[in-house]
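Q: There's a structure below that I have some questions on.
The values are calculated or read from the model by the stated rules, or taken from the named source; none is laboratory data. Not measured: the values here are computed from a predicted model. Ideal geometry is used to build each Cβ from the backbone, glycine not excepted, and the neighbour counts take in all protein chains shown.
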Amino acid sequence: MNRCILEKAWIPALIFFVFWISSSAGMAAATVSYTYDDAGRLTAAEYDNQKEYNNLKKIDYTYDAMGNLRSRRVNLTAAQTPALNVNPAGLDFGADKVTLPLTISNQGTDTLNWAAASQQNWISLDPASGTTTTENAQLVVAVSRGGLAPGTYTGAVSVTSNGGNQEIGVSMKVDPLTVPIISASRDDLSPSSGRAALTPLLEITNYEDLNFSPAEANWIIYADTGGGEDEALFDSGWTQRQLASFRLPDGLLDPNNDYWAKVVLQDAFEVSSQSGPYSFTTILQEESEDADGNGVPDDQQLSEAEAQDYFNEHPEAGAALREQGSGTSETVGIEIDRGTVAYIASHRPDDFPAKPEDGDFPYGLFSLKITDLAPGETVRITFIFPEAVAGPWYRYNEASGWSDYSEHVIEYKDNRATIEIKDGGFGDADGVANGSILDPSGPAHLEKDKDDDDDNNCFISSLAR
Ligand SMILES: [Ca+2]
Ligand SMILES: [Ca+2]
């Protein structure tokens, strides 16, 4: 009985196949997969070469309760039909990859119109739609980790088309921030003693996970008092400019002293663990630019006779030096209304990156360290120049770059310019209310050059009228 049922089922199936294969004469051969049930009955015949046999994909066979073949369902695809194929079937971005390609191809005929979309806002697609006939289209999938908590994320890209739809799984990792490690740039270490320069460039050696925006670093320097609680000497605040390295400002460190540094990183989502302390000792006084220790770089200081003449003529001046901006080493005097000038230095503006284009900086920039102030005190500094100067007054700061400091200029009068800086506040490069103030800054123009500029502007504007 069972054998009889089987035969009944097989015969029509075989007849159908003989009929179909012969009717397809002339076409390339397709591979056919047959599926049987537990009773040995044919339940499906499937063709894996749809392009050459694009009219026929699969035939399903069903049987009634008596085991008689009940139906054959032939799945046909319409002729001239595009067929979507997307590769690869999944995208894994890991912790580092930002973009990966998807290839869209048409495995059918006629034009394939496709569009791609994602429900996840950390996935973006370019382009998001297109058409293809025989050529492959490439779609770039990008992920953005900004603002996401550490962890594993999964999502999908859905490609819909007139030749079917496909969903591509997407996975991505967001790592926690690494613990930064600080070292001083080798160029800033004395080759003989291994001691650090007075303006060392501190560098972070592992911060590869900081690929989020905005990313910021906070650098803090301590003077090592050799026991007890060390007080912060310098605090950069959060800076986007100096992520991987930070050059300490001129005048901050003293020669032959022990210091240590630490840094913390943050991005849009989290703050890193604090770096381990990086300890360093600065070079000896005699190795520094101010070998005689009088608070002025030796190549900028006046000779004894010159100083005597200068201070006789300008008894109000507390310090003087030869500036570096004019190229002719003019003498510039400094008068302060409180405290003591502990250190002063002149810098060429080209020593700092990307100086403002509209600045001539006739006398360069000046760093100052003023001690003997009450913490948080505001001090007035008057610069006595060889000639009258004009603004804007620019300031350079490692953490924030160049800025127009003109709002803290009290006045330009004759050949004098008076500015204000506040310990731990505006203009103070160390960022700490610790009774000392320093920052490289200076006027952008000579007054007579500024007048020329203004005259030119008047001339041009009168022409325009
Ligand atoms: Ca000196
Ligand atoms: Ca300060």
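Q: How many residues does the stretch 235-268 contain that are out of contact with any Gly (no Cβ under 9 Å at 6 or more places or on another chain) and part of a strand (DSSP E or B)?
A: 12
Q: Give the residue that is nearest to Asn85 (Cα to Cα), with candidates limited to residues of the stretch 111-143 that are surrounded by 11 or more Cβ atoms within 10 Å (Cβ to Cβ) and without any contact (Cβ under 8 Å) to a residue 24 or more places away in the chain.
A: The extreme case among them is Thr131.
Q: Return the residues of the stretch 91-116 that are in a loop (DSSP other than H, G, I, E, B) and out of contact with any Asp or Glu (no Cβ under 6 Å at 6 or more places or on another chain); say none if nothing qualifies. Quick ask: steps written out before the conclusion?
A: We begin by selecting, within the stretch 91-116, every residue in a loop (DSSP other than H, G, I, E, B); these are 93-98, 107-111.
Listed by number, the residues that qualify are Phe93, Gly94, Asp96, Lys97, Val98, Gln107, Gly108, Thr109, Asp110, Thr111.
Q: Do we have any residue at all in the stretch 343-351 that's among the β-branched types (Val, Ile, Thr), within 26 Å of Asp449 (Cα to Cα) and in a strand (DSSP E or B)? Steps first, answer last, please.
A: Within the stretch 343-351, the subset among the β-branched types (Val, Ile, Thr) is 344.
Next, only the ones that are within 26 Å of Asp449 (Cα to Cα) stay: none.
Looking through the stretch 343-351, none of the residues is among the β-branched types (Val, Ile, Thr), within 26 Å of Asp449 (Cα to Cα) and in a strand (DSSP E or B).
Q: Every residue in the stretch 368-381 that is at pLDDT 95 or above and buried (at least 20 other Cβ atoms within 10 Å of the Cβ), please.
A: Across the stretch 368-381, the qualifying residue is only Ile381.
Q: Please pick out the residue among Ser346, Ser367 that is of a type in the set (Gly, Ala, Ser), closer than 27 Å to Gly424 by Cα, in contact with an Asp or Glu (Cβ under 8 Å, 6 or more places away or on another chain) and more than 16 Å from ligand 2 (Cβ to nearest atom).
A: The conditions single out Ser346.
To keep it simple, each residue is scored yes or no on (1) away from ligand 1 (no atom under 16 Å from the Cβ); (2) among the aromatic types (Phe, Trp, Tyr).
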site	(1), (2)
Ser367	no, no
Tyr394	yes, yes
Asp404	yes, no
Lys413	yes, no
Pro440	yes, no
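Q: Hey, could you check the stretch 264-300 for residues that are among the hydroxyl-bearing types (Ser, Thr, Tyr) and crowded, with 16+ Cβ neighbours inside 10 Å and say which is nearest to ligand 1 (Cβ to nearest atom)?
A: Taking the candidates together, the pick is Ser288.
Q: Cβ-Cβ under 7 Å, sequence separation 6+ or interchain: first residue in the stretch 247-261 and crowded, with 16+ Cβ neighbours inside 10 Å, partner among the basic types (Lys, Arg). Which pairs?
A: Every condition considered, the pairs that remain are Gly251/Lys369.
Q: From the set of residues in the stretch 88-104 that are of a type outside the set (A, V, I, L, M, F, W, C) and modelled with pLDDT under 95, which is surrounded by the fewest Cβ atoms within 10 Å (Cβ to Cβ)?
A: Gly94
Q: If Asp267 passes every condition in (1) of a type outside the set (Val, Ile, Thr); (2) in contact (Cβ under 8 Å) with a residue 12 or more places away in the chain; (3) away from ligand 2 (no atom under 16 Å from the Cβ); (4) within 23 Å of Ile344 (Cβ to Cβ) but one, which one does it miss?
A: (4)
Q: OK, next. Give just the number: which of (1) in a strand (DSSP E or B); (2) touching a residue at least 60 places away in the same chain (Cβ under 8 Å) does Pro392 not satisfy?
A: Of everything listed in (1) in a strand (DSSP E or B); (2) touching a residue at least 60 places away in the same chain (Cβ under 8 Å), Pro392 misses just condition (2).
Q: Now, a different point. Got a number for residues in the stretch 282-300 being touching a strand residue (DSSP E or B) at 6+ places or on another chain (Cβ under 6 Å) and not in a helix (DSSP H, G or I)?
A: 4
Q: Considering each residue of the stretch 415-454, count those that are on the phi > 0 side of the Ramachandran plot and near ligand 2 (Cβ under 8 Å from one of its atoms), and give that number.
A: Of the residues in the stretch 415-454, 3 are on the phi > 0 side of the Ramachandran plot and near ligand 2 (Cβ under 8 Å from one of its atoms).
Q: Still on this structure: Please tell me if Val159 is of a type in the set (Val, Ile, Thr) and closer than 13 Å to Ala116 by Cα. Outline the logic, then answer.
A: Values: of a type in the set (Val, Ile, Thr): yes; closer than 13 Å to Ala116 by Cα: yes.
Here the answer is yes, as Val159 does meet what is asked.
Yes/no matrix, rows are residues, columns are (1) away from ligand 2 (no atom under 16 Å from the Cβ); (2) of a type outside the set (A, V, I, L, M, F, W, C); (3) more than 14 Å from Gly442 (Cβ to Cβ); (4) under 37 Å from the mean Cα position of the chain (by Cα):
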| residue | (1), (2), (3), (4) |
| --- | --- |
| Asp309 | yes, yes, yes, no |
| Asn312 | yes, yes, yes, no |
| Pro315 | yes, yes, yes, no |
| Ala320 | yes, no, yes, no |
| Gly325 | yes, yes, no, yes |
| Glu330 | yes, yes, no, no |
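Q: Yes or no: the stretch 421-440 includes at least one residue that is aliphatic (A, V, I, L, M) and within 16 Å of Pro356 (Cβ to Cβ).
A: Checked against the condition, which is being aliphatic (A, V, I, L, M) and within 16 Å of Pro356 (Cβ to Cβ), the stretch 421-440 yields no hits at all.
Q: Another one. Cβ-Cβ under 8 Å, sequence separation 6+ or interchain: first residue in the stretch 414-442 and in a strand (DSSP E or B), partner within 16 Å of ligand 1 (Cβ to nearest atom) and not aliphatic (A, V, I, L, M). Which pairs?
A: Matching pairs, first to second residue: Ile437/Lys369; Ser441/Phe366; Gly442/Phe366.
Q: Return yes when Gly401 is buried (at least 17 other Cβ atoms within 10 Å of the Cβ) and at positive phi and no when it is not. Spell out the reasoning first.
A: Values: buried (at least 17 other Cβ atoms within 10 Å of the Cβ): no; at positive phi: yes.
When the stated conditions are applied, Gly401 does not pass them.
Q: What's the number of the condition Glu335 fails, among (1) modelled with pLDDT under 90; (2) outside any loop (DSSP other than H, G, I, E, B)?
A: That leaves (1) as the condition not met.
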